[in-house]
Structures are given as C-alpha cells and as structure tokens.
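First up is the structure itself, then whatever we jot down about it.
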Amino acid sequence: MNNLNDINWNHLFCFYEVAKAQSLKKGAAYLQTAPSTLSEKLKKLEQTLNKKLFIRSSSGLKLTMDGEFLFDQISTIFENGRKVIESLSGDIVGGYPVQVGIEETFSTEIAAEFASQYWDLFAPFGTVNTLRQADHEVLIENLVQDKIDFGLSLRVPKRKNIEYAEVDSFEIVFCCSDELYDKFKNEHDILINIPFAEAPWDKSLNDSIYEHLRKNNVRPREKITSDHPEFLKKLCQRGRCVMFLPKNPLEDYEGLKTFQFGQPLRIALYALWKKDREGLVSIKKLKELINSKLSQVPERYADVDYQIEVSDISDDLLV
C-alpha cells in the first residue's frame, strides 16, 4: 500500500465498529450486515495492511498489538466524522466522547456535579470526560481550538463566537468543624480569630469574599493559602482553619458546620460552548440540562441498571 487511495475506508470503518464493540456479532448488528460479510471485510483489510488485526478464537475476537494501535489512531477520525455529520445534517448521530473543560476553582465540586448529571443525559450517545483548565483564558483557548466540547466557568466569555448560559447560581457558605463552632459564642469571632483559608488561583472570587466580609465588619487576623482543596478541608474538619465553600444542595458536609451572615453571597456558574457546535447532540443535551435545576437530578440518577442498559451488557454476564 503506497497511499490512502489504496485503503478501503468502509473496511476501516467496519474494523473500528467491531473493535469498539469487541464483538463481531454486535458489530454486524450495528452495521446492519451479516457477520460473515463483515468477517470477509476484516480479512481484506488485514490483507491490504499486511497485518493481523485480530486473534480469532472460540471465545471471540481480541485485538493484536497492531489492531490496538490502529484502533487508537482511527478512533479520533471517526468520532470527529460523526460530529461533522451531526453539524451538517442536523441528525442525531452520537457515538463520540464529550470533553468537558472545568475551570480550576473552588467551585469545581459544583461543576463536577453538573458534569456527573450531564453523563446521564448523554450516556445513550457516548461517554463524558473532564479536563482540568488552569484558568478562564486557558478554557477559552481550548474551546476555540476544539480541544474541549464545552466548558464550565465562573466567568462569561467575551468572544462573539462563544455562547454561554448560566447553569445555576450557588450560595457561598463559611464552614468549620462542628466542635470548633460549638466553642464560640459568635460566628464573627470564628472568622476573625481562626486562620482563614483561601485558594490563591481564585483571585476574583477571593476579592468578592473579602468584600463581603468587610461589609459585615469581619477582618480575619490570619490567612492561609493552598493549591490543594483537600488539604484545606482536612484542616477545617480538624478545627485548624475556617474556609468557604459553594453550597452543593446534594452534599451533606459531614463533620463540618456551615454558616452564613448578612446578605447571602451568590456566585453564578456558566456553561460555555462554540456557536457553530449547536447542532451537535452533545450541546443539545447540555442545553436540556441547563434548563433544569442542579438539585433536580436526572430520573435514574441513582439507578445502577441504567448504565448496564446503556452499555448493552449481555445477560450472560450478570448474576
């Protein structure tokens, strides 16, 4: 084989579907062709490439090392191809993973909950991956360069080719250990006298927090910073510091006492996507989720059987 004209792309697509399904029978069912016809196409592809792609046995098909390499290389080609067809035709195709960029901020827990719920809506069409974004500008660049399908951020975009919508707004609460809270007569004194924890990468949010504290005549005597939220949370649970959190309506915050004072401080979380991607089912499902409340989880949120059905698990594998 000397060039791309020598390859039969239909044979390559058949290989992709069989390798993804890890089954000749399932691959044939998806492609709506006879297993014998599909097997012949796979053999012709192996002859064209002069490589053995499958190990055939009574238990089924298994990819060889060359087969694994080929599948890894062509997956992106066909996944992107499905997106192109969806964008141009308006038909729902699916069959590709969604990359969700989540801005590195203290609200990551809320964003992760939203992405978790999005999984359930998109599951019939593909899987969902999340990628950490160092800041808002990095998220925007990755969105523009199609490295992510949509992003979650505390800021609205300025670029005209990027659409956005508010996912939800959440209340900022202060928290400390239950035991520490019970030691004080007044919540203000906890915030003033116990080290106050903040995340250094959230400068605009930190400014909003301190402005809120000033309005309520609270000025912490000591401040601590960390790039690791879990470190701060462990200190907080042991009564070593006070911190602030986005109030997740689905979270129990075991071991922590949350409190608020003055006018509640609320922060909005936004979903961002490219306008020219609105024809994709991935964005249609995103908009569908945005129109619901974070506390209104998908119907089968806690149902394990849902993933078994979506993944088309054979009854032979289940107890």
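The combined condition, being part of a strand (DSSP E or B), of a type in the set (V, I, T) and either in contact with a His (Cβ under 6 Å, 6 or more places away or on another chain) or without any contact (Cβ under 8 Å) to a residue 24 or more places away in the chain (or both), is not fulfilled by I77. With respect to the conditions (1) within 30 Å of V100 (Cα to Cα); (2) within 28 Å of the chain's Cα centre (by Cα); (3) modelled with pLDDT under 95, A271 lacks only one, and its number is (3). Here M65 fulfils each of the conditions (1) surrounded by 15 or more Cβ atoms within 10 Å (Cβ to Cβ); (2) at negative phi apart from (1). Of the listed requirements (1) in contact with a strand residue (DSSP E or B) (Cβ under 8 Å, 6 or more places away or on another chain); (2) surrounded by fewer than 18 Cβ atoms within 10 Å (Cβ to Cβ); (3) closer than 20 Å to D6 by Cβ, P97 misses just one: (3).
Scanning segment 172-215 for residues that are within 28 Å of S153 (Cα to Cα) and among the charged types (D, E, K, R), we see that the one that is surrounded by the most Cβ atoms within 10 Å (Cβ to Cβ) is E198. Of the helices (runs of 4 or more DSSP H) contained entirely in segment 5-59, those carrying at least 1 residues that are farther than 26 Å from S314 by Cα and of a type outside the set (D, E) fall at 9-21, 35-49.
Being part of a helix (DSSP H, G or I), free of Cβ contacts under 8 Å to residues at least 60 places away in the same chain and closer than 25 Å to N80 by Cβ, is that true of even one residue in segment 120-133? Walk me through it before giving the result.
So the first thing to find is which residues in segment 120-133 are part of a helix (DSSP H, G or I), and the list is 120-122.
If we keep only those that are free of Cβ contacts under 8 Å to residues at least 60 places away in the same chain too, we end up with none.
Among the residues of segment 120-133, not one is part of a helix (DSSP H, G or I), free of Cβ contacts under 8 Å to residues at least 60 places away in the same chain and closer than 25 Å to N80 by Cβ, which makes the answer no.
The residues listed here are L143, L152; of these, the one that is in the same structural domain as L286 (by TED's automatic domain parsing), touching a Leu at 6+ places or on another chain (Cβ under 7 Å) and not in a strand (DSSP E or B) is L143. With respect to (1) of a type in the set (G, A, S); (2) under 24 Å from A111 (Cβ atoms); (3) touching a residue at least 60 places away in the same chain (Cβ under 8 Å), the lone exception for S226 is condition (3).
Taking segment 24-62, which residues are more than 34 Å from the chain's Cα centre (by Cα), crowded, with 17+ Cβ neighbours inside 10 Å and in contact (Cβ under 8 Å) with a residue 40 or more places away in the chain?
Passing the criteria: only L49.
Taking the criterion of being surrounded by 21 or more Cβ atoms within 10 Å (Cβ to Cβ), at pLDDT 95 or above and under 12 Å from the mean Cα position of the chain (by Cα), the residues of segment 123-154 that qualify are I148, D149, F150, G151, L152.
How many residues, within segment 173-213, are touching a residue at least 12 places away in the same chain (Cβ under 8 Å) and outside any helix (DSSP H, G or I)? Going through segment 173-213 one residue at a time, the tally reaches 14. Being exposed (fewer than 15 other Cβ atoms within 10 Å of the Cβ), part of a strand (DSSP E or B) and of a type in the set (A, V, I, L, M): is that true of A165 here? So A165 passes the test.
The values are calculated or read from the model by the stated rules, or taken from the named source; none is laboratory data. Bear in mind that the values here come from a model prediction, so they are computed numbers and not experimental data. All Cβ positions, even for glycine, are placed from backbone atoms using ideal geometry, and neighbour counts span all protein chains on display.
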